[in-house]
Amino acid sequence: MLRKLYDWVFSLARHRHATRSLAVVSFAESSFFPIPPDVMLAPMVLAKPERAYFYALVCTVASVLGGLLGYAIGYFLEPVGLWMLAVLGKADTFEASKALFQQHGAWVILIKGLTPIPFKLITIAAGIFQFNLALFVALCVVTRGARFFLVAFVLKRWGEPMLAIIEKRLALFTVLFLVLLVGAFFAVKLVGH
């Protein structure tokens, strides 16, 4: 069934309302839908490279808004959020996740938002653990924007072969991005003093 859903989402990329569908899939994936928007983003960027960054922006905005829905599910409907985490196979790691969120919540959102891990896990958990909402939104903008704009940039610049290399070495690229992010943060702090 998941394969049929994946194929259906992929087929939406060729539809005349593809941009709207991309927004809907990006929104839904951040709160309850199982298929990531990259399934649509990649073929759309390859088909129209001149619109790559527009598509990345659509994904980012819709994903952040969907993240707010995921947060609201966790915050206001905790039993539903816990049920969704259980369905996704994450109920057994709840206490460990809670401790991790309490100690390193910002880093959890930044790192997990870049990876193929379903973002809904993070958004729902952030709501359940009552993570600071303003910081949550800011981190979602950074991490989701980085992810989608990176995909758009890579596909626009080097095409599909380079995307395969990045997917194969995603952990390495995530670490490199985080090193750059931390370096930029400390550089801004040093300049500010």
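Magnitude of the Cβ-charge dipole of region 1-65, K/R +1 and D/E -1, about the Cα centre, nearest 20 debye?
220
Full-extension gain between W8 and N132, please, as 0.36 nm times their residue separation minus the C-alpha to C-alpha distance.
Taking 0.36 nm per residue and subtracting the Cα distance, the gain is 41.1 nm.
Could you run the Karplus curve 6.51 cos²θ - 1.76 cosθ + 1.60 with θ = phi - 60° over region 110-116 and give me ³J(HN,Hα) per residue in whole Hz, x for Gly and Pro?
4, 6, 5, x, 8, 8, x
Strictly over 30 Å apart at the Cα level, which of K48/K112; K4/K98; K48/K90; K4/K156 would you flag in this model?
K4/K98; K48/K90
Throughout, read-outs are computed from the coordinates displayed, never taken from laboratory work. Here the structure is a predicted model, which is why all the values come from computation and not from measurement. So basically every Cβ, Gly included, is an ideal-geometry build from the backbone, and we count neighbours across all protein chains shown.
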